Each structure stands twice: as C-alpha cells, then as structure tokens.
Amino acid sequence: MNFKYLFVFILYFVTIFSVIGYGKFFSDLFIKDKKFNFGYYGIFGVFFSIFYSYVSHLFYPHSQIHNLIFILLGFVFFIYLLNKRVKEIFFTSIIFLCLYISLLIIKTHDDFPYYHFGYSYYLTQNPLLIGIGQFNHGFRTQSSIFYLNSLFYLPIIKFYFFHLSSLLFLGFVNIAFINKLLKNFKNKNINYVDYFSILSIIFINIFFYRIAEHGTDRSAQILVFLLIFEILYFIDGKVFNHIKLFKIFVLIGIIISLKAFYILYILTLIPVFYILLKKNSLKNLIIKLIRLPITYLLIFFISILLLTNFYNTACFVYPISFTCLENFSWSFLPEDVLKMNNWYEQWSKAGATPNFRVDNPELYILKFNWVSNWLENYFFNKVSDFLIGVFFLISILIFMLRSQKKQKIKINKNVYILLLILFILFIEWFYNHPALRYGGYSLIASILFIPSAIYFSKFKIKYTDLKKKFLILITLSFVIFLGRNIDRIINEVEKYNFRPFNDFSFRINEHHYRNFREIEGLLKNYENCELKKVDCDIIKAKKIEKVFYTFKFNRN
C-alpha cells in the first residue's frame, strides 16, 4: 500500500468522525444534556455541514485548505466531546470499514461527468456566481449533495471523495437503525416499528449497494426510510416530544435539500400534527413550535435553498414555472422552463432514452397516454424486478420469523393515516414522474413494509431468539453488500482495466471540466474587458451574453 492510499484511508475515517463531531456540536446547541447514538450525530453533522456549505459559498470557494481546516476542526470537536464512547467508536469504525469497498469506483453515474462533478467542482473554485444555470440544465437543479461534496475536496485526495457524501447517508442511517434496535432489545420493547427498521436496513444495503449510482436521488430515499421510522415512533409515543421533532425536522430539511420535489414529503407530518392537535390547542401548539430553535433554523435553511435556486435560475423551484421571475438578466423564458419541465416528465415516463425519443412528447405525457409504453419499456423489467426483490425480502422474513404462537397488538390509527399519505404520494409519483429513482424505491417499499411489519409483530417470539435472527439478517445484508461490491469491482477490472489499489477511484478527463472551463473563460474575458475599457456586451451568442451579464452584475 503506497503512501497516498494510506493517507486516503486515514482521511476517510478522520472525515467520518469529523462529521460526527459537528453533529455533537450542533445537537448540543439545540438540545442540551441529551445523548444520541453516532448514527444521529452523523446525520446532524451532515445537516450542519450542508447548512455551512450553502452559507459559506455565498462569500468564498471551498478550497482544499479551507476544507482541510473544516474537517480537522470537526475532528477536534469529536475528540473533545465524544472520545470516551469507545464502544460506539469501534462499532462505527466496523460499519464504515465494511462500506469502504463501495468507494472503489471507476464506473460512475451517467450524470456524474455531465453535471454532478461539474457543479461540485465549481463550488471549490468560485464563490457564488449568479446565473450559473445557463451553462448546463443540470446546473439548474442544484442538490445539497453537491455542496456536501465540495467540503470533501482535500489535499492529495482532491475530488476523489465526491462519492463519500452518499456513503455517509448509507452508513449513518444503518448505525441509527441498528443502535435503536439494540437499545429496544435491551429494554425488551420490540414492536412493529422495529420490524420496519429491519426491513429498511436489509433493503438499503442490498438494493442501494452501488454508491456510484446514488446520484442525487437514492440518498434522499435512504433518509425517507428513517423519516418514516421516526414518524412511526412519534405516533407510538402520542405526546409532544421536542427531541423526536428535532430529528424529524432535521431529516425533512436534508431530504428536501437533496431534491426539491421532496418538499411534498412534508405531507408525512400530517399524522404528527394531528396527534399534537389532539393533545394541544392550535394556539398552544404554535407557541410550542415557535419556542423550538430548530423551527427557525429549518425555515432559514429552506430559505437558503430557495435563494440558491433563485440565484441559479431566477426560479425558486426549477422547473416549476409559477416560481420563476422573468425580469432578471439570468431569467429563462417561460417557454424554456415549460419545455424543460416536459422533458423531465417525458424522460421519467419512458418517453426518452439515450437512443430513443417519442414522436410527439407534448401529447405523450398528457393524462395516461404514456402508460402502455411505460409498461413495456420501464415496468418490464426495472419495476417488475424491483417488486420481485421486495416480495422475496418479505418472504425471507416470513420464513425466519413465522411462529405458531401469536399475540394481540394494538396499532394506533394514525399509522393508517400515514399509509394513506404514502399512497397519495405514490399516486403523485406514478402520475407525474414514475421512475424509481424519483422516489419510487422508498415509496413502494414503505407502503409494503409497514403492513408487513405489523403482520410480523403478531408472531410471539422470545426476545433472545428474535435478537439472534435480527443480527443474522443484518449481518447477511452486509455480507451481500460486500459480495455485490466485490463482484462489481471484478467486472470493472475486466471491463475498464480498473486497478483499485492504484487508481483508487474514477478517472477524470477534460469532459468533466467543460463547464468549469467555460466559466473560467468568461470570467477571464470579463476581466480583460474591464482592463481595456471596451464594451463587453458585443458578444453575440445569446446564451453566453446572458451569463456574461450576470457575472458582470455579480462581480460589480
């Protein structure tokens, strides 16, 4: 193992514990004298890091030195605040050691060279540039995962940790679930929510094993499982619990920041507020929420997201046309916004592939004209294979957990309200963007997992036997995760001549830099124009002229 690879391996764990350190620091600001497990500290640290990234980028780029200082400061927080929790440090290290293999990547997501890399890299080289959405339609749909990526642009390793963000979500959600399960077994307090969690753990480790394919979508869906888990626990508690609300609000904030359309998932809070309104008057509930600092932070966080969207595209949520303003130099024409919205819908409804386009896309996406083609070209075999996998997973648990002895359980009716809301979200998903990557994985799985979890909880099993079976299932999910990644690496070695212990990760070529080169060229030309005192508006290309003007507007 050469020095560079050893440095990467050490920095991998330093970065993970740095994020956990920020999570401890962040949670202590809002909830004092409360201990969370390292999974939740990690999620809180991710939220803090994303928030910091958005705000700081308004003023300066995330350079290697800046990021190294940021990571080391978080690691200092970790050492100072959490160094005595040795067992959790060891457990967290084991989990992320298992997950490390997924960072050995050469074949990236199809959108990675197109705009995922470009946007993340732009954040490391420039502070905010107004109108950046003009360069690439991918730049118009910013995601917080790019802002998190930009903080992992570090000396020696450079941009090869841009996939670490996705791995953090997978790792911290695993740790949060597993720690909660172990705690409930210790307290002998297992119910249907814990069965939902074991289904979720197995699902995300087996179905989302390939980190390079996460893009901006699967990380949000991983968090959706944890969000539903926390809402189910909140429903089970039936009281105003500011700690549970803190978790739920943080999860909602991160999910929305990863993909704008996930703002619809605010609907999942309906059973939460329904319960609270039964115990409190509307006035008292509002007062209680106003007294929670996390409420203000969440509002401010969402405002920063909307402001960033506006600076990129002059739309608060692109490409929803009614959120767009037309009177700014970097604004898009309304017909262009509508065309892009239709394109996203056409693509998600199987009306477009790299090698295929339907003849009349405007007619195709209307009502249910697209269904027959979608069934033929997308449902078979992507959705059908996915459903077979989910039903097989549920069948395995039925086989392992089935018992002749049954017990009566009482389910809060608000669980069925949550199921109804998930079904409404499923209908919206199916009608508007029926691609699994756009929320389908977590929606379909959760709708099936909640009734399955209720069914499993009716079996009466000794806690010792149940704990043993749960641990076997969790271990098996990690074994499959490792096995599938080993198989992937072997295929990439054969197909792409990948050398995982020399190359370490994906290869970068000039194509990845094309947007940055264009930005760099325009900024240089602007500086030259200013020095020569000539009229820079003589540039004739409409796209370049609009972007050029916005840079001029921004830099003045």
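The values are calculated or read from the model by the stated rules, or taken from the named source; none is laboratory data. Everything quoted here is computed from the prediction, not taken from an experiment. Cβ coordinates were reconstructed from backbone atoms using ideal geometry, including for glycine residues, and neighbour counts include every protein chain displayed.
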Exercise. Among the listed residues 283, 259, 247, 278, which satisfies the condition of being charged (D, E, K, R) and either in contact with a Gly (Cβ under 6 Å, 6 or more places away or on another chain) or under 22 Å from residue 420 (Cα atoms) (or both)?
Worked result: 278
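Every residue, every condition in (1) in contact (Cβ under 8 Å) with a residue 24 or more places away in the chain; (2) under 24 Å from residue 110 (Cβ atoms), yes or no:
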{"residue": "341", "(1), (2)": "no, yes"}
{"residue": "350", "(1), (2)": "yes, yes"}
{"residue": "358", "(1), (2)": "no, yes"}
{"residue": "362", "(1), (2)": "no, no"}
{"residue": "371", "(1), (2)": "no, no"}
{"residue": "374", "(1), (2)": "yes, yes"}
{"residue": "385", "(1), (2)": "no, yes"}
Exercise. Of the residues that make up the stretch 309-319, is at least one under 26 Å from the mean Cα position of the chain (by Cα), surrounded by 15 or more Cβ atoms within 10 Å (Cβ to Cβ), on the phi > 0 side of the Ramachandran plot and modelled with pLDDT of 90 or more?
Worked result: yes
Exercise. Taking the stated definitions as given, is residue 417 outside the structural domain of residue 191 (by TED's automatic domain parsing), touching a residue at least 24 places away in the same chain (Cβ under 8 Å) and either under 15 Å from residue 266 (Cα atoms) or in contact with a Pro (Cβ under 6 Å, 6 or more places away or on another chain) (or both)?
Worked result: yes
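Checking the condition aromatic (Phe, Trp, Tyr), in the same structural domain as residue 256 (by TED's automatic domain parsing), surrounded by 23 or more Cβ atoms within 10 Å (Cβ to Cβ) and over 21 Å from residue 306 (Cα atoms), which residue from 162, 112 passes?
162
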Seminar exercise, completed: So the helices (runs of 4 or more DSSP H) completely within the stretch 242-339 holding 2 or more residues that are among the small types (Gly, Ala, Ser) and assigned by TED's automatic domain parsing to the domain that holds residue 226 are 242-258
Problem set entry | Top-ranked residue of the stretch 469-524 - restricted to ones that are assigned to a loop (DSSP other than H, G, I, E, B) and under 26 Å from residue 134 (Cα atoms), ranked as modelled with the highest pLDDT | 508
Exercise. Out of the residues in the stretch 340-370 that are of a type in the set (S, T, N, Q) and in a loop (DSSP other than H, G, I, E, B), which is modelled with the lowest pLDDT?
Worked result: 355
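Let's see how each residue does on (1) at pLDDT below 90; (2) over 22 Å from residue 256 (Cβ atoms); (3) assigned to a helix (DSSP H, G or I):
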| site | (1), (2), (3) |
| --- | --- |
| 34 | yes, yes, no |
| 40 | no, no, yes |
| 59 | no, yes, no |
| 74 | no, yes, yes |
| 89 | no, yes, yes |
| 100 | no, yes, yes |
| 106 | yes, yes, no |
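So that you can scan it fast, the table gives a plain yes or no per residue for (1) under 30 Å from residue 104 (Cα atoms); (2) within 26 Å of the chain's Cα centre (by Cα); (3) surrounded by fewer than 16 Cβ atoms within 10 Å (Cβ to Cβ):
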| position | (1), (2), (3) |
| --- | --- |
| 402 | no, no, yes |
| 405 | no, no, yes |
| 415 | no, yes, no |
| 424 | no, yes, yes |
| 441 | yes, yes, no |
| 449 | no, yes, no |
| 458 | no, no, yes |
| 474 | yes, yes, no |
| 510 | yes, no, yes |
